[in-house]
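The structure appears below as structure tokens.
The values are calculated or read from the model by the stated rules, or taken from the named source; none is laboratory data. Not measured: the values here are computed from a predicted model. Note that each Cβ is placed from the backbone with ideal geometry, even for glycine, and that neighbours are counted across all protein chains shown.
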Amino acid sequence: MSVHEPDLWAGFDEEMTAETIAGPVWDEPVPLNPRGQLPAFPVDALPDWLGAMTAGVAEETQTPVDLAGCLALAVIGTAAGGRLTVTVRGQWSEPVNLYTAVALPPGNRKSAVFGLMTKPLLAAEKALIELTAPQRAEAAASARIAKAAAEKAEKIAANAEPEKLADLTAQAVALSEAAERASVPCEPQLVADDVTAESLTTLLAQQDGRISILSPEGEIFEIIAGRYSGVPNMGIFLKGHAGDMARVNRQARDGQYIENPAITMGLAVQPDVLDSIGQIKGADGRGLLARFLYSKPASLVGYRNLTPQLLPADTADTYALKLGRLALTLASWTEPAALTLSPEADAVLLAYQRVTEARLRKDGSLAPIVNWASKRDGAVARISGLLHLATHPDDAWTRPIAAATMAAATQLGDYFTAHALDVFNAMKADPAQEAAHTVLTHLTDTRTTAFTRRDLFRAMPRSEFPTMSDLDPALNLLEDHGWVRQQPPPPRTTRGGRPPSPRYETHPRATPGA
């Protein structure tokens, strides 16, 4: 070293450490409750015309394909209307109605998707009303005539001479009984939206035991939780999924009897609704939560193509024609038809059952959602019936379900299983868990290596973090897991004023390349 060169190591303290020079060393962060990448809806599992509509609607609306895909299953279930069952083996049979619930934040054009996917059903409903108008008018006239005849007979009997009283009384009684039996059918209705449990029971009684609830909102869960009654009321929703007989006898209301109720539900809800339905008293224990097929896709907001391909007219026309014809055909059925499995389809389902059974063991991957997973094979059988119906809309009831159709149903079963694991995990998780995921995702996507609490609050969505204090549980959880750390506050000055916002550093693992 030249005597003229400065000594770069002058004053170097041998006690100094790497942390003194480069800052504190980070420990390995503890992963948050891992969610992983959830699978996208397998559109290729749907028949061509239904898959083309699903993909086309998702593209034009720039929404996750999961929304249109889950709704595609629900609309086929609505058209089927409880008129078909799948005979699996022996006495095991499944109706083909489903409950689906897709979780998406606001701003994801849910109403637009619902409008496109349900339009043919509403058109079919209107056509049914027009087609049945003459029969309803005739029934109404007959009922009025029967009532008038009964009233006239009663008056004649009341004024009859003693020797004629018995015969005229018998005639009056017979006419009165006929008037009581006379009924006027209600206007056909395929789809309902915001209904109470009581009005839903009435609708089922009026609509020959079938109704569908298709809604881009999640109010139905509030109704089940007891919005109007103050106590949970889920009985008809349980029976309407299973097809169990429902008999209602209440004061001030006529008795209602529905032999095989079939409710179909296709819902889009906000993610926090899915997280909160687990808090409905009795929802898990009585099996309501286990009856839903859940989907929790990632929102495309912020990443949407502003000039997407529009839905091809021929795709929409084919969809409307096939779905409308299916709904009109099955609406006239009075007795359900049983779909059967081909031997090959039965073998596919049996292999799937074996996988399910093994994973239900205490150490199995489905053990955390045992109530839901215990219904998984039944759900796959129902899906196979819907796919079979969509594949052969003109004569599905004359042929068995094929192995390829059952394989496609198992593909959808795996999809719904992955999403159910995530949904039930979120229901049981610390409420800060989801918020921490949101914050960590933001820090990773923006490669934020350091930030103040105030700056972070400005960058986060108000729907999830209305106030700055709402950030604290997430930051505390991230700090506990080693993903962020708070820096020591700077020395206070004598000038007073508002203290500086707490400052944090982000673990390098969360911001690679930053």
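Restricted to helices (runs of 4 or more DSSP H) entirely inside segment 1-90, those with at least 2 residues that are modelled with pLDDT of 80 or more are 48-61, 65-80. Considering segment 495-510, the residues that are modelled with pLDDT of 85 or more and part of a loop (DSSP other than H, G, I, E, B) include one that is farthest from ALA450 (Cα to Cα), namely SER501.
Can you name the residue in segment 370-394 that is assigned to a helix (DSSP H, G or I) and basic (Lys, Arg) and is also nearest to LEU328 (Cα to Cα) among such residues?
Taking segment 370-394 as the starting set, the residues that turn out to be assigned to a helix (DSSP H, G or I) are 370-373, 376-391.
Add one more test, that the residue is basic (Lys, Arg), and what stays is 376, 382.
On the way: ARG376: 30, ARG382: 21 Å.
Top of the filtered list is ARG382.
In segment 395-414, the residue that is nearest to THR329 (Cα to Cα) out of those that are in a loop (DSSP other than H, G, I, E, B) and free of Cβ contacts under 8 Å to residues at least 60 places away in the same chain is ASP395. Of everything listed in (1) assigned by TED's automatic domain parsing to the domain that holds HIS388; (2) among the small types (Gly, Ala, Ser); (3) more than 23 Å from THR318 (Cβ to Cβ), the single unmet condition for ALA149 is (1).
Annotation note: Cβ proximity below 6 Å between a residue of segment 366-390 that is in the same structural domain as LEU412 (by TED's automatic domain parsing) and at pLDDT 95 or above and a residue that is not in a helix (DSSP H, G or I) and not aliphatic (A, V, I, L, M) (sequence gap 6+ or interchain) occurs for GLY378/GLU94; ALA381/GLU94; ARG382/GLU94; ALA390/PRO47.
The number of residues in segment 268-303 being closer than 12 Å to LEU104 by Cβ and either part of a loop (DSSP other than H, G, I, E, B) or at pLDDT below 95 (or both) comes to 13. Scanning segment 255-269 for residues that are more than 12 Å from PRO95 (Cβ to Cβ) and not hydrophobic (A, V, I, L, M, F, W, C) yields GLY255, GLN256, TYR257, GLU259, GLY266. Here THR307 does not qualify as among the β-branched types (Val, Ile, Thr), over 30 Å from PRO261 (Cβ atoms) and in contact with a helix residue (DSSP H, G or I) (Cβ under 8 Å, 6 or more places away or on another chain). The condition of being part of a helix (DSSP H, G or I) and surrounded by fewer than 24 Cβ atoms within 10 Å (Cβ to Cβ) holds for only one of ASP363, ASP346, that being ASP346.
Just to check your reading of the model, which residue among ALA351, ALA313, ALA320, ALA337 is assigned by TED's automatic domain parsing to the domain that holds GLN206 and modelled with pLDDT under 95?
Working: ALA351 fails: modelled with pLDDT under 95; ALA313 fails: modelled with pLDDT under 95; ALA320 fails: modelled with pLDDT under 95.
None of the other options fit; the residue is ALA337.
Of ALA182, ALA197, all but one fail to be touching a Phe, Trp or Tyr at 6+ places or on another chain (Cβ under 8 Å), at negative phi and at pLDDT below 85; the exception is ALA197.
Among the residues of segment 324-339, write down those that are of a type in the set (Gly, Ala, Ser) and within 15 Å of THR398 (Cα to Cα).
The initial filter retains those residues of segment 324-339 that are of a type in the set (Gly, Ala, Ser), namely 324, 327, 331-332, 337-338.
Residues satisfying the conditions are ALA337, ALA338.
Listed residues LEU98, LEU67; which is under 15 Å from ALA298 (Cβ atoms), buried (at least 24 other Cβ atoms within 10 Å of the Cβ) and either of a type in the set (Gly, Ala, Ser) or touching a residue at least 60 places away in the same chain (Cβ under 8 Å) (or both)?
Checking each option against the conditions leaves just LEU67.
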